[in-house]
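What follows is a short report on a single structure.
The values are calculated or read from the model by the stated rules, or taken from the named source; none is laboratory data. Keep in mind the model is a prediction, meaning the values are calculated, not measured. All Cβ positions, even for glycine, are placed from backbone atoms using ideal geometry, and neighbour counts span all protein chains on display. When the accessible area is computed, the model is the full protein with side chains, heavy atoms only, and any ligands, DNA or RNA have been set aside. Shrake-Rupley method; radii C 1.70, N 1.55, O 1.52, S 1.80 Å.
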Amino acid sequence: YNPIETVRQNIRTIPDWPQPGVNFRDITPVLQDPRCFRMLIDIFVSRYMSQNLDVVAGVDARGFILGSVVAYELNLGFVPIRKKGKLPFDTLGEDYNLEYGSASVEIHTDAVHAGQRVLLMDDLIATGGTLLAASRLLKRLGANIVEACAIIDLPDLGGSKLIEESGTSVFSLYKF
Ligand code: 5GP
């Protein structure tokens, strides 16, 4: 049996959601199936277990699901990078553009220390705006981003290329 193929078969595509013309890649069937969920997490854990990471950062909200479990398995702490206005302590913020309008992500100023080796996780890379903004926050705190990773990359939208061009290496399990 092939874990990468098994997990892939459990990613569901929802046509025309959240708007006409978009094929939304839905990972909830992967999370719902205990075997699949474990296979998915184990793929990331084996990739990063010998990387001497200090912390895992995950992006609101599906990056929390993945990142916290990977951090737990690697015996590391977890840092949430949240949508604007959710974090209670001192924060740094970064704005980024969406197709229509803009969005903001924030991190606690004491979440990561200079020089720490950080893994940055989300579920999917589209335009790359979200992970790029998250990586700017980590860099402002002096973090050393070992890799930005996701389950799915949509390479036609160019996001992973932009992230690589910013100097952060990118890993994804699937390119759709
Ligand atoms: P980007 O900022 O790269 O354009 O968009 C990526 C962000 O939007 C990620 O946080 C991701 O969770 C969300 N996203 C955009 N499209 C999809 C999709 O088709 N499936 C999932 N699961 N998330 C998506």
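Listed by position, the helices (runs of 4 or more DSSP H) enclosed by segment 1-68 that each have at least 1 residues that are under 22 Å from residue 135 (Cα atoms) are 34-48.
Residue-by-condition table, conditions (1) closer than 17 Å to residue 47 by Cβ; (2) not in a loop (DSSP other than H, G, I, E, B):
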| site | (1), (2) |
| --- | --- |
| 118 | yes, yes |
| 130 | no, yes |
| 150 | yes, yes |
| 162 | no, yes |
| 167 | no, no |
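Would you say residue 110 is assigned to a strand (DSSP E or B) and either modelled with pLDDT under 95 or surrounded by fewer than 15 Cβ atoms within 10 Å (Cβ to Cβ) (or both)?
Numbers: assigned to a strand (DSSP E or B): no; either modelled with pLDDT under 95 or surrounded by fewer than 15 Cβ atoms within 10 Å (Cβ to Cβ) (or both): yes.
No, not satisfied.
Could you list all residues from segment 31-50 that are more than 16 Å from residue 172 (Cα to Cα) and either in contact (Cβ under 8 Å) with a residue 40 or more places away in the chain or among the acidic types (Asp, Glu) (or both)? Passing the criteria: only 33. Among the residues making up segment 1-50, those that are among the hydroxyl-bearing types (Ser, Thr, Tyr) and at pLDDT 95 or above are 6, 13, 28, 46, 48, 50. The sole residue among 161, 175, 86 that is of a type in the set (D, E, K, R), touching a helix residue (DSSP H, G or I) at 6+ places or on another chain (Cβ under 9 Å), open to solvent by 70 Å² or more (accessible area, probe 1.4 Å) and under 26 Å from residue 37 (Cβ atoms) is 175. For segment 29-52, the tally of residues that are of a type outside the set (Lys, Arg), open to solvent by 60 Å² or more (accessible area, probe 1.4 Å) and touching a helix residue (DSSP H, G or I) at 6+ places or on another chain (Cβ under 9 Å) stands at 2.
Taking the stated definitions as given, is residue 138 surrounded by 23 or more Cβ atoms within 10 Å (Cβ to Cβ) and over 30 Å from residue 5 (Cβ atoms)? First the steps, then the outcome.
Values: surrounded by 23 or more Cβ atoms within 10 Å (Cβ to Cβ): yes; over 30 Å from residue 5 (Cβ atoms): yes.
Yes: the conditions hold for residue 138.
Residue 121 is checked against (1) without any contact (Cβ under 8 Å) to a residue 60 or more places away in the chain; (2) surrounded by 18 or more Cβ atoms within 10 Å (Cβ to Cβ) and fails just one. What number does that condition carry? Here residue 121 meets the rest and fails (1).
Residues in segment 124-135 that are open to solvent by less than 10 Å² (accessible area, probe 1.4 Å) and either within 22 Å of residue 7 (Cβ to Cβ) or more than 14 Å from the ligand (Cβ to nearest atom) (or both): 2 in all.
Return yes when residue 78 is in contact with a strand residue (DSSP E or B) (Cβ under 9 Å, 6 or more places away or on another chain), within 16 Å of the ligand (Cβ to nearest atom), open to solvent by 30 Å² or more (accessible area, probe 1.4 Å) and within 30 Å of residue 10 (Cβ to Cβ) and no when it is not. Outline the logic, then answer.
Working: in contact with a strand residue (DSSP E or B) (Cβ under 9 Å, 6 or more places away or on another chain): yes; within 16 Å of the ligand (Cβ to nearest atom): no; open to solvent by 30 Å² or more (accessible area, probe 1.4 Å): yes; within 30 Å of residue 10 (Cβ to Cβ): yes.
Spelling it out, it is not the case that residue 78 is in contact with a strand residue (DSSP E or B) (Cβ under 9 Å, 6 or more places away or on another chain), within 16 Å of the ligand (Cβ to nearest atom), open to solvent by 30 Å² or more (accessible area, probe 1.4 Å) and within 30 Å of residue 10 (Cβ to Cβ).
Quick grid of which residues meet (1) away from the ligand (no atom under 15 Å from the Cβ); (2) within 17 Å of residue 157 (Cβ to Cβ):
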residue	(1), (2)
5	yes, no
8	no, no
25	no, yes
28	no, no
49	yes, no
